[in-house]
Amino acid sequence: MTLFKKLPIVLLALSLTSQAAIQPDRTRIIFNGNEKASSLKIENQSKQLPYLAYSWIEDEKGNKDDTFLVALPPIQRLNPTAISQVRIVKQDKARSLPQDRETLFYFNVREIPPAPENKGSNAIVQMALQSRLKLFWRPAALKKKPGTEVELQLKVSQQGNTLLVNNPTAYYITLAFFGKDSKSQLSGFSSKMIAPFSSVTLNAGGYNGNAFALGYMDDYGGLRMLNVKCHGQCDLIVPEARK
C-alpha cells in the first residue's frame, strides 16, 4: 500500500480520537487547606471501549510534582460509560506551602486507549488525549464564605487604550472576558490569570472608550461579569441582572 493510500486511514483515526473519552466532572479544583483530601469524578464517555486513566499533579511550571499533593489512584481502568473517582491527597509537606496566599498546581488525567487489533498492514494512529485542570491550594485561613467575590477588590486604571488590572488579594483570579460590553469581546484578548498580589495589562486595541466589561471565572468554573467605568481610575460595577 502506498503512502497516499494509507493517508485516509490515518486521518480517520485522528478524527475519531479528537474528543477525549475520559472527562472530569469540573474545570477547576479548589483544595481547602483544612481538608485531608479532595475528590473529583471522571467518566469514560466511550460506549464501546475501555480506557486506562493516568492521573498526576504538576507544579505551576508544569513539572510533575507529588511533594505536596498526590493523585490516587495514579492509574485505573474505566469500562465503557463507567464513572470513577480520583482523590487528591494532602502530603505532610503541604504544611510548608505559603499560608498567606493560594498556590497554583495542575491536575492532569490522560486516557490510554486499548491496543488496536492488528489487521494486516493498515496504518492506525492513536492519540493519548488528556485534560489539564487548574488546582488551587487555598490555605485554611483563606477559606471563602459562600457568595464572597474577592474579584470586586481588583484595582483597575486606564492608561490610553490599556487597562492595568492589579490583584491585591491572596487569591488567583482568572479573567476570561474583556470587551466593550458583555456581548462583544475585544479582538486579540485571551484569558489571563492574575497571581496573588500581582498585575496584568489588558490591551483594548483600537477601542478608546471608557466603558468596558470584564468577566472572571468563579470557584465553580462559571463566568461572572463586571461592568467597568473609567476616568483614569476605574470603578467595578456589578450588573443589575446579578444583584
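A Cβ distance below 9 Å, combined with a sequence gap of six or more or placement on separate chains, defines the contacts here; from the stretch 35-57, residues that are among the acidic types (Asp, Glu) reach residues that are in a strand (DSSP E or B) in the pairs Glu35/Lys90; Glu43/Ile22; Glu43/Gln23; Glu43/Pro24; Glu43/Leu78; Glu43/Ile83; Glu43/Ser84.
Looking at the stretch 158-187 only, could you name the residues that are loosely packed, with under 14 Cβ neighbours inside 10 Å and either in contact (Cβ under 8 Å) with a residue 40 or more places away in the chain or out of contact with any helix residue (DSSP H, G or I) (no Cβ under 7 Å at 6 or more places or on another chain) (or both)? Residues satisfying the conditions are Gln159, Gly160, Thr162, Asp181, Lys183, Ser184, Ser187.
Note on the stretch 140-157: residues that are closer than 19 Å to Leu69 by Cα and surrounded by 13 or more Cβ atoms within 10 Å (Cβ to Cβ) total 2. Take the conditions of a type in the set (Phe, Trp, Tyr), in the same structural domain as Gly160 (by TED's automatic domain parsing) and farther than 19 Å from Leu152 by Cβ and apply them to Phe178. Does it pass? Answer is no for this residue. For the stretch 112-124, the criterion of a residue being outside the structural domain of Phe197 (by TED's automatic domain parsing), in a loop (DSSP other than H, G, I, E, B), surrounded by fewer than 17 Cβ atoms within 10 Å (Cβ to Cβ) and touching a strand residue (DSSP E or B) at 6+ places or on another chain (Cβ under 9 Å) is satisfied by at least one position. Do we have Trp137 as surrounded by 13 or more Cβ atoms within 10 Å (Cβ to Cβ), in the same structural domain as Leu40 (by TED's automatic domain parsing) and either among the acidic types (Asp, Glu) or more than 18 Å from Asn32 (Cβ to Cβ) (or both) here? Spelling it out, it is not the case that Trp137 is surrounded by 13 or more Cβ atoms within 10 Å (Cβ to Cβ), in the same structural domain as Leu40 (by TED's automatic domain parsing) and either among the acidic types (Asp, Glu) or more than 18 Å from Asn32 (Cβ to Cβ) (or both). Would you check if Phe105 is assigned to a strand (DSSP E or B), within 30 Å of Asn44 (Cβ to Cβ) and either within 19 Å of the chain's Cα centre (by Cα) or of a type in the set (Lys, Arg) (or both)? The answer is yes for Phe105.
The values are calculated or read from the model by the stated rules, or taken from the named source; none is laboratory data. From a predicted model like this one, the values you see are computed outputs, not experimental measurements. FYI the Cβ positions are ideal-geometry reconstructions off the backbone, even for glycines, and counts take in every protein chain you see.
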